[in-house]
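Data block below; observations after.
The values are calculated or read from the model by the stated rules, or taken from the named source; none is laboratory data. Remember, predicted model here, so these are calculated numbers, not experimental data. As a convention, Cβ positions derive from the backbone with ideal geometry for all residues, glycine included, and neighbour counts pool all protein chains shown. For accessibility, only protein heavy atoms count, side chains too; no ligands or nucleic acids. Shrake-Rupley method; radii C 1.70, N 1.55, O 1.52, S 1.80 Å.
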Amino acid sequence: MTPMSDSLIRHFRLTAHPFGRNASPAALHRHRGFSEAHERLRYTIELDGLSALVAEPGCGKSLLLGQLATEQQKLGTHVHYFAHATCGPFGLLNVLARKLGQSPRRSRAETAQAISLAMLEDQRKHLLVLDEAHILPDDTLEDVRLLTIADFDRKSPFVLILSGHPCLDDRLAEPTHHALDQRITTIARLSPLSLDETREYVTLRLAACGARSTPLFDDDSLSALFDASAGVPRRLNRIASAAMIVAASRKKQLVSAQDVLDARLDRGRS
């Protein structure tokens with residue numbers, strides 16, 4: 001904890017920073033969109049299907065994937081998580097083969113078949129998560145297609161979740177990726193918060209950090225937070241933190257809409 005955050009916490013008489021990155025599990029806001037996306041992915045995993053998770057930046061995509069992965073690991077599922085950077089120059093197939101104790105074969109197709117057979121022979125369910133899939137190279141998406149063709153119509157060697165920004169839809173719609181697109185069972189979309197959900201989000205975050213019954217944000221400030229963030233949680237966290245700093249610098253215990261506006265103006269936002 002930095003001296004600045006410690007000072008802010010003391011000013012508002014909290015136990016932790018309510019809008020920091022390391023929020024406690026009690027601060028998780030399972031709003032309607034989050035719960036629905038979670039359930040769609042969970043059902044698809046149970047059916048051994050292929051899913052896509054689509055969300056604007058900052059809407060909690062990684063948080064949802066983390067929750068899902070933790071739940072699946074508790075059920076004995078072997079989770080293989082890849083972001084764009086973790087695929088590296090050697091390609092998804094080679095990295096995944098080594099994780100499974102397999103040696104890459106002479107061709108990508110042979111490597112994909114060896115991976116699929118290894119997963120089929122394993123008693124555990126395998127979940128392959130490709131995050132930031134909207135910026136994956138075409139070669140990596142081709143690796144995924146090769147993985148899905150081995151006995152996939154009879155028995156799934158693994159469950160797949162492709163996760164990315166809304167432009168992932170456009171990538172999958174490209175003729176090059178039609179074969180992969182046609183195998184996707186479910187699309188889960190994670191939308192920004194509504195105004196009511198924004199109020200609930202702020203209230204939950206504050207309560208998890210020991211907020212008293214007296215509110216720290218007045219009603220108008222909550223509406224201003226929603227307008228400024230468009231309901232995107234990552235933006236909401238940043239603007240709420242900045243507004244708390246503005247209010248504290250003015251020796252106030254209650255954040256107002258003006259504090260939110262001034263916090264935005266400090267960043268050159270109107």
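Things worth noting here:
- Annotation: the chain has a Kirkwood hydrodynamic radius of 20.6 angstrom, from the mean reciprocal C-alpha pair distance.
- Debye intensity ratio in log₁₀ form over the Cα atoms of the range 18-122, taken at each q of 0.22, 0.25 Å⁻¹: -1.29, -1.43
- Judged by the mean number of other Cβ atoms found within 10 Å, the most tightly packed of the peptides 198-211, 162-175 leads the ranking 198-211, 162-175.
- Point-charge dipole on Cβ atoms (K/R +1, D/E -1) for the range 93-222, about Cα centre, debye to 20: 780
- Hypothetical label at Thr15: residues of the range 217-261 whose amide nitrogen lies under 20 Å (7 Å Cα-Cβ projection): 217
- Charge dipole magnitude, Cβ of K and R +1, D and E -1 - the chain, Cα centre, debye nearest 20: 920
- Of all complete DSSP H helices in the chain, those with a Cα span along the helix axis of 18 Å or greater and a mean Kyte-Doolittle hydropathy of -0.5 or more are 61-74, 108-121, 195-208, 233-249.
- Dipole of the range 67-209 computed with +1 at Lys/Arg Cβ and -1 at Asp/Glu Cβ about the Cα centre; of Gln72, Ala188, Gln123, farthest Cα towards the positive end is Gln123.
- In this structure the amide hydrogen of Ala188, modeled in the peptide plane, comes within under 5 Å of the amide hydrogens of Ala52, Leu53, Val54, none closer than 5 places in sequence on its chain.
- The residue among Cys167, Leu254, Thr148 whose Cα reaches farthest toward the positive pole of the charge dipole of the range 126-266, with charges on the beta-carbon of Lys, Arg, Asp and Glu, is Leu254.
- Two-site FRET efficiency, Ile149 against Glu36, from Cβ-Cβ distance with R₀ of 30 Å, rounded to 0.05: 0.45
- Dipole magnitude for the range 190-270: about 400 debye, using +1 per Lys or Arg Cβ and -1 per Asp or Glu Cβ, origin at the Cα centre.
- The H on the amide N of Leu128, modeled in the peptide plane, is under 5 Å from the matching H of His80, Val159, Leu160, Ile161, each at least 5 residues off or on a different chain.
- The mean accessible area for residues of the chain, using a 1.4 Å probe and ignoring ligands and nucleic acids, is 50 Å² per residue.
- Full-stretch length increase - Glu46, Arg98 - with 0.36 nm per residue and alpha-carbon distance subtracted: 16.1 nm
- Solvent-accessible area, 1.4 Å probe, carbon plus sulfur percent, for the chain: 51
- For the pair Ser24 and Ser7, label points projected 7 Å from Cα toward Cβ lie 2.6 nm apart.
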